[in-house]
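Asker: My structure is below; once you've seen it, I'll send some questions.
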Amino acid sequence: MAQALGEDLAQPSELQDDSSSLGSDSELSGPGPYRQADRYGFIGGSAAEPGPGHPPADLIRQREMKWVEMTSHWEKTMSRRYKKVKMQCRKGIPSALRARCWPLLCGAHVCQKNSPGTYQKLAEAPGDPQWMETIGRDLHRQFPLHEMFVSPQGHGQQGLLQVLKAYTLYRPEQGYCQAQGPVAAVLLMHLPPEALKACAHPQEAFWCLVQICEVYLPGYYGPHMEAVRLDAEVFTALLRRLLPRVHKHLQKVGVGPLLYLPEWFLCLFARSLPFPTVLRVWDAFLSEGVKVLFRVGLTLVRLALGTTEQRLACPGLLETLGALRSIPPAQLQEEVFMPQVHGMALSEQDLQREIKAQLAQLPASASEPPPRPQARLPGAPAIFEAQQLAGTQGNPRPEVPRIVVQPPEEPRPPRRKPQTRGKTFHGLLTRSRGPPIESPARSHRSSTSFLDTRF
């Protein structure tokens, strides 16, 4: 199955001459000798200036300040204010702060902190010749019209080679998957400038790739891709429930989910959407987990085959696949597309319920390991809690509070109650003070009794 999926991923690249760069206009016109790169780094792209739906500069500045404040106290923010983080991720992380926010969201900064010298050793070690040859053949296919990856000797392709080689050494039982190339390339685009120097190593991109492959999408990039098979069945069940007419049409023409879903999910839509929309999908994906990929996939299917006219125009398998891959670019712009994604009626509870149902129906295979959906964490809050718990349990010398025990005081004799029985307070005062002192008589007016008063 993994070999078939790998051929499906390679087939669009061969047909398009490896020029797929996430929907940039430079794919159609080609790079010219004096073409200017857009604000995302694509040569001849159309994103040099913000579009009409792009937020104004003042709003972007406000969002940047909010992210700076949240990331300055990240543990407190994730513990008490994750809803705010999720809403800001849905609005889009500012481009200037993705290098700071993505490692925090996926937990790569904790992995790098806990293993400070791991990537350095992997980068200096020689790679497996088999994987090095395969990776070398794929380097020029990753965003060939991006200024980072134009030159084979540039820091983009060389950094991509180092990251992918390091992962094959870090997980030799999994090796290299072709779909890891565009994922690692997008991560390298958002490294801080210091990490792109020749003397530095892209550690953050490597640890982000590790988190995506092992925490967000475990079982996706291994030799068997068992989790892809399970998620394909889950996606079909969700189509049957949420888009029944589209599901009936796909069954009629014989288009199964494995014909289009692996390229979407394995590459995190890096080859299927315009680049600004890809970044918005990644912002939400790193925050909320794989649920976002299902929402994006359902939205694309609805946009391609949602109406009766669209389904009538696709009577066969080839026409249907063509419709899924040729959605009008205007409908995929970030400000138009992302509200539809977040409005898709699919919650985390619905997804987990469907995963359990399909896992129970999935036939067992002797040659492939069973999927382990419990190893997948649903987004940034679950990753944060797991890392906090692991840090607490893995601390070799926990800080124990010091308890000081005071010696007991010597018992005091009980206080005796004074004997005042049969005595009055006036008598006590008289005995204590001695005989009363005679005082001169006070002169006062003579008064007459009321009865002797005559009227």
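Asker: How large is ³J(HN,Hα), in whole Hz, for each residue of the range 138-148 in order, when computed from phi with the Karplus curve 6.51 cos²θ - 1.76 cosθ + 1.60 and θ = phi - 60°, using x for Gly and Pro?
Answerer: 9, 4, 6, 7, 8, 6, x, 9, 8, 5, 6
Asker: Ranked highest first by the average count of other Cβ atoms within 10 Å around their residues, in what order do 126-139, 264-277 fall?
Answerer: Details: 126-139: 14.8, 264-277: 23.6.
Ranking the peptides 126-139, 264-277 by packing returns 264-277, 126-139.
Asker: A further question follows. Specify whether the C-alpha gyration tensor of the range 269-371 places it in the rounded, prolate or oblate class, a ≥ b ≥ c being the square roots of the eigenvalues: rounded for a/c under 1.5, otherwise prolate if a/b is larger than b/c and oblate if not. Could you put the intermediate results ahead of the total?
Answerer: Values: a/c = 1.93, a/b = 1.27, b/c = 1.52.
It is oblate, given that a/c is not under 1.5 and a/b is not larger than b/c.
Asker: Just how large is the dipole of the range 295-372 about the Cα centre, in debye to the nearest 20, putting +1 at every Lys and Arg Cβ and -1 at every Asp and Glu Cβ?
Answerer: I would put it at about 180 debye.
Asker: A further question follows. What order do LEU169, LEU250 take when sorted by accessible area (1.4 Å probe), most exposed first?
Answerer: Working: LEU169 55, LEU250 5 Å².
The ranking, largest first, comes out as LEU169, LEU250.
Asker: Under 5 Å between amide hydrogens, which residues at least 5 positions from VAL290 or on another chain qualify, with H placed 1.01 Å from N in the peptide plane?
Answerer: Amide H neighbours of VAL290, under 5 Å, 5+ apart: GLY379.
Asker: Pairs LYS165/LYS248; LYS113/LYS165; LYS86/LYS356; LYS83/LYS165; LYS165/LYS356: which exceed 32 Å Cα-Cα? Please list the in-between numbers first.
Answerer: On the way: LYS165/LYS248 43 Å; LYS113/LYS165 21 Å; LYS86/LYS356 26 Å; LYS83/LYS165 37 Å; LYS165/LYS356 35 Å.
Beyond 32 Å between Cα atoms: LYS165/LYS248; LYS83/LYS165; LYS165/LYS356.
Asker: Starting from the amide H of ALA37, placed 1.01 Å from N in the peptide plane, find each other amide H under 5 Å away whose residue is 5 or more places distant or on another chain.
Answerer: Here GLY44 satisfy the definition.
Asker: Starting at the first residue of the range 125-135, write each ³J(HN,Hα) from the Karplus equation 6.51 cos²θ - 1.76 cosθ + 1.60 with θ = phi - 60°, in whole Hz, x for Gly and Pro.
Answerer: With the stated coefficients, the range 125-135 comes to 6, x, x, 5, x, 4, 6, 5, 5, 5, 5 Hz.
The values are calculated or read from the model by the stated rules, or taken from the named source; none is laboratory data. Please read these numbers as outputs of a predicted model, since none were measured by experiment. Quick reminder, even Gly has a Cβ in these numbers, built from the backbone with ideal geometry, and neighbours come from all protein chains shown. Surface areas here come from the heavy atoms of the whole protein model, side chains and all, with no ligands, DNA or RNA. Shrake-Rupley method; radii C 1.70, N 1.55, O 1.52, S 1.80 Å.
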